[in-house]
Amino acid sequence: MPMSLADILEAMSATEHKRWNSWNDCMREWCRRDDFRSALPLLVRGEDPDFVAYIRRIADEATGEHLIIADIHKDTLI
């Protein structure tokens, strides 16, 4: 079974963690751009499914879409 992101981050050295944070900040900045989000489906074609899910989640967070969806479904019973 593949390692979770939390497991990977926990196993990182301080230097690796700093690089990860820099990359993550950069990706979040790019995902705030409308043109980048529009191109994202093409850019991630053929990439690892876990990576695609992660980048899409960042893009959703950048637009606030995850908050809109949560608000729409807040009264939905599971």
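Quick notes
- Using θ = phi - 60° and Karplus 6.51 cos²θ - 1.76 cosθ + 1.60, couplings along the stretch 18-26 (whole Hz; Gly, Pro as x): 5, 5, 4, 4, 5, 5, 4, 4, 4
- Under Stokes-Einstein, with the Kirkwood radius over Cα pairs as Rh, the value for the stretch 5-72 at 20 °C and 1.002 mPa s is 162 µm²/s.
- Listed from fewest to most Cβ neighbours within 10 Å, the set Met3, Met12 follows the order Met3, Met12.
All of the numbers you see were taken from the coordinates with simple rules; none came from a lab. Since we're looking at a predicted model, the values are computed, not measured. Here Cβ is always computed from backbone atoms with ideal geometry, including for glycine, and neighbour counts include all displayed protein chains.
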